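The block underneath contains the structure these notes are about, expressed in C-alpha cells.
The values are calculated or read from the model by the stated rules, or taken from the named source; none is laboratory data. The shown structure was predicted, so the numbers you read here are calculated from the model rather than taken from an experiment. Heads up, the Cβs are rebuilt from the backbone with ideal geometry, glycines too, and the neighbour counts pull from every protein chain shown.
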C-alpha cells in the first residue's frame, strides 16, 4: 500500500489493534464494532461528530468541542437524548476501558438513529441517536510535520450557508472528499478550497493560514470549518501581539505569501510548502509558523495545568 502523506499522519502504535470501541453503551473489540445498515449516518449522512485530544489525562478544549457539537445538533434538529456531562462520562468510560492517559485522539459520532426503511425522512427513525466513540493512541509524525504538505486548489467550492453551512461538523463530507480526490490526482497531499466568491476559504480537512510581511491572514470564517484549533491560533496571535486578520484574500495573495500553514485538532500547526506547484516562501517550516506552533503547544500545556 502506498504511503499516505498528510496532516493526519501518525506514528504507528500497535496498541490500536486492540482498542475497544464504544457503541451505544457497549464496548467492542475493534474488528467487532459495527453499526446497522439502517443507520441514518450510513444511509444519508445524517449525523454530527467531534474529535479532540487527551493530553496528560485532560481532554483539551473540551468545552469548545461540546459547544460545537450541541450547536450542530440544534442546527440539524437532532435531540441528542443526553447531557454534556453524560456524553463526557461515556468518553471517559471508553478511555478507562482502554487504559488511556496521554497522546490519545478521540472521535465521537452521533447519528439520528436507525431507520425503519432506507429514507432521508427523520420521521422514519425508530430508535434514539446512535453514539460511537473511537479512541486511539496517536502521536502526530514529526517527520511529516517538518516535511510539510502540498496543496492543490480544487474546483469544488465551500458552499453557501443557506444550503449546508460550512461551519457544520456533519457526516455529509462528500464535497470535501471530492476536493481531496482532485488534489491527490494532481499529485498534492490535500485540497485548498475557495468560497463561492472565489476567495480562499479552507482546506478539505484543515483550516488555512498564510503569512505576509509579519501578518497572519485567514479567511473571514463565513465559508470555512469552525475549527477549534483555528480559533486558538487567532487567540494566541492576539495574546502575543502578532497581527492577525480574518479577511478575504485570493490565490494572488497565497502565491506570493512568505509562509503558509494549516491547522487541525490532530496535527496542530503543519507547514504548507507549495500550492498548485508554486513554492511558498523558501518551501520550509517558516519562522513565524514555528513560533505559532510553539505558542499553541504552550496554550495546550496551560489548559492542562488549569484542569489538574
Checklist entry - Mind checking which residues of region 98-114 are surrounded by 15 or more Cβ atoms within 10 Å (Cβ to Cβ) and in a loop (DSSP other than H, G, I, E, B)? => result 98, 100, 103, 112, 113
Checklist outcome for this item: Log entry, pairs with first residue in region 48-74 being over 16 Å from residue 171 (Cβ atoms), second being assigned to a loop (DSSP other than H, G, I, E, B) and at pLDDT below 95, beta carbons closer than 7 Å, six or more apart or on different chains, reads 52/265; 53/265
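Somewhere in region 243-256, is a residue out of contact with any helix residue (DSSP H, G or I) (no Cβ under 9 Å at 6 or more places or on another chain), assigned to a strand (DSSP E or B) and either farther than 30 Å from residue 76 by Cα or not assigned by TED's automatic domain parsing to the domain that holds residue 293 (or both)?
Step one: of region 243-256, the residues out of contact with any helix residue (DSSP H, G or I) (no Cβ under 9 Å at 6 or more places or on another chain) are 245, 247-256.
Checking the rest, the ones that are also assigned to a strand (DSSP E or B) come to 245.
From what's left, either farther than 30 Å from residue 76 by Cα or not assigned by TED's automatic domain parsing to the domain that holds residue 293 (or both): 245.
Yes: one or more hits.
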Checklist entry - Is it fair to say residue 211 is in a strand (DSSP E or B), modelled with pLDDT of 95 or more and either farther than 30 Å from residue 244 by Cβ or not assigned by TED's automatic domain parsing to the domain that holds residue 244 (or both)? => result no
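Could you tell me which of the residues 71, 117, 75, 93 is more than 21 Å from the chain's Cα centre (by Cα) and assigned to a helix (DSSP H, G or I)?
Details: 71 fails: more than 21 Å from the chain's Cα centre (by Cα); 117 fails: assigned to a helix (DSSP H, G or I); 75 fails: more than 21 Å from the chain's Cα centre (by Cα).
Answer to the selection: 93.
For region 78-89, name all the residues that are assigned to a helix (DSSP H, G or I) and free of Cβ contacts under 8 Å to residues at least 12 places away in the same chain. First the steps, then the outcome.
Just the residues of region 78-89 that are assigned to a helix (DSSP H, G or I), to begin with: 84-89.
Within region 78-89, 85, 86, 89 qualify.
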Checklist entry - Looking at residue 159, is it touching a residue at least 60 places away in the same chain (Cβ under 8 Å) and more than 24 Å from residue 286 (Cα to Cα)? => result yes
Item to check | Filter result (at pLDDT 95 or above, assigned to a loop (DSSP other than H, G, I, E, B) and out of contact with any strand residue (DSSP E or B) (no Cβ under 7 Å at 6 or more places or on another chain)) within region 1-44 | outcome: 25, 34, 37
Checklist entry - Among the candidates 122, 118, 129, which residue alone is loosely packed, with under 13 Cβ neighbours inside 10 Å and outside the structural domain of residue 300 (by TED's automatic domain parsing)? => result 118
Checklist outcome for this item: Note on region 246-260: residues surrounded by fewer than 17 Cβ atoms within 10 Å (Cβ to Cβ), touching a residue at least 40 places away in the same chain (Cβ under 8 Å) and under 16 Å from residue 281 (Cβ atoms) are 251, 253, 256
Item to check | Residues of region 273-293 that turn out to be under 30 Å from residue 54 (Cα atoms) and out of contact with any helix residue (DSSP H, G or I) (no Cβ under 9 Å at 6 or more places or on another chain), as a count | outcome: 6
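Got a sec? Which of 155, 150 is exposed (fewer than 15 other Cβ atoms within 10 Å of the Cβ), touching a helix residue (DSSP H, G or I) at 6+ places or on another chain (Cβ under 9 Å), modelled with pLDDT of 95 or more and in the same structural domain as residue 283 (by TED's automatic domain parsing)? Talk me through it step by step, then tell me what you get.
On the way: 150 fails: exposed (fewer than 15 other Cβ atoms within 10 Å of the Cβ).
So the residue among 155, 150 that is exposed (fewer than 15 other Cβ atoms within 10 Å of the Cβ), touching a helix residue (DSSP H, G or I) at 6+ places or on another chain (Cβ under 9 Å), modelled with pLDDT of 95 or more and in the same structural domain as residue 283 (by TED's automatic domain parsing) is 155.
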Next on the checklist: Given the criteria surrounded by fewer than 18 Cβ atoms within 10 Å (Cβ to Cβ), in contact with a helix residue (DSSP H, G or I) (Cβ under 8 Å, 6 or more places away or on another chain) and in a strand (DSSP E or B), does residue 52 qualify?
Outcome noted: no
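Let's see how each residue does on (1) modelled with pLDDT under 95; (2) over 15 Å from residue 146 (Cα atoms):
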residue	(1), (2)
228	no, yes
258	no, yes
271	no, no
292	no, no
306	yes, yes
Checklist entry - Is there a residue being assigned to a loop (DSSP other than H, G, I, E, B), under 23 Å from the mean Cα position of the chain (by Cα) and crowded, with 16+ Cβ neighbours inside 10 Å anywhere in region 286-300? => result yes
Next on the checklist: Condition (residue is assigned by TED's automatic domain parsing to the domain that holds residue 296 and more than 15 Å from the chain's Cα centre (by Cα)) applied to region 225-234: is it met by at least one residue?
Outcome noted: yes
